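First the structure, in the form of structure tokens, and then the observations on it.
The values are calculated or read from the model by the stated rules, or taken from the named source; none is laboratory data. As the structure is a computational prediction, the values presented were derived from the model and not from experiment. Cβ sites come from the backbone with ideal geometry, for glycine too, and all protein chains shown count toward neighbours.
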Amino acid sequence: MPAAGIVTVQEAVALALVQYPMSGGSFSNLIALPDSVVAAVRASAPSAPGVRARPTLSHAWASAPANAIPCHVLGVRVTAPGAAEFLIRPRTGTLTEVAGTVPSVRGPVKVAVHRSTGAHTTRVTVPPNSRAVLEVEIGDADPAQYRVTAKAPGGLGRVEVTPLTDLTGTVLRIGPVGSGTTKVERTRS
């Protein structure tokens, strides 16, 4: 069972089914999708004389979980208009290696997490002219074992690191951090 907040592929598909029910149980007949989604899907069949182009909704349907996975597992969430600020909380559960990029209007947000026995590194790159608060779940590890390398927004001042406790255990809240790369690394086990 995944940790609280983790979305499995099966859960993402189930959520999509609830939000966008299918008519007759057919993946090719997604009539119930909202107009905004249908409008975003282009016709996949070219027009030919006497043949009407028919839009296919299967492309949008097939890619729905692809958006949920990076947003939930990598934990990137926009918290201010224009993607000026992010909250980044990777929720890797039992995964030992996760890396990915989430696009934003200001540029890509990159997240990489590596865990092994005695080692834990989280590396986050925030795009230019934006800032982020990073939350790293460390379970029952001692916060004093972690070293944070980060730049404050505008390069001014220090970056705050605050340990807190929630249902996942201990969480290090780091930030706000400015654009560039932030590294959180377990220095000893």
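Details
- Residue check for THR122: closer than 16 Å to LEU74 by Cβ, surrounded by 13 or more Cβ atoms within 10 Å (Cβ to Cβ) and of a type in the set (Ser, Thr, Tyr): yes
- Contact map, the range 165-176: residues that are over 20 Å from THR94 (Cα atoms) and assigned by TED's automatic domain parsing to the domain that holds ARG131 paired with residues that are buried (at least 17 other Cβ atoms within 10 Å of the Cβ) and of a type in the set (D, E, K, R), Cβ distance under 7 Å, separation 6+ or inter-chain. Pairs shown: ARG173/GLU135; PRO176/ARG131.
- Looking across the range 105-141, the residues that are polar (S, T, N, Q) and at pLDDT 90 or above come down to THR121, THR122, THR125, ASN129, SER130.
- Selection status of LEU95, modelled with pLDDT under 90, hydrophobic (A, V, I, L, M, F, W, C) and assigned by TED's automatic domain parsing to the domain that holds GLY178: yes
- Looking only at residues in the range 112-165 that are in contact with a helix residue (DSSP H, G or I) (Cβ under 8 Å, 6 or more places away or on another chain) and not in a strand (DSSP E or B), the one that is nearest to ALA83 (Cα to Cα) is SER130.
- Any hit, the range 64-74, residues being in contact with a strand residue (DSSP E or B) (Cβ under 9 Å, 6 or more places away or on another chain), without any contact (Cβ under 8 Å) to a residue 40 or more places away in the chain, buried (at least 17 other Cβ atoms within 10 Å of the Cβ) and not aliphatic (A, V, I, L, M): yes
- Residue in the range 163-179 that is modelled with the lowest pLDDT, counting only those that are out of contact with any Leu (no Cβ under 7 Å at 6 or more places or on another chain) and surrounded by 12 or more Cβ atoms within 10 Å (Cβ to Cβ): THR168
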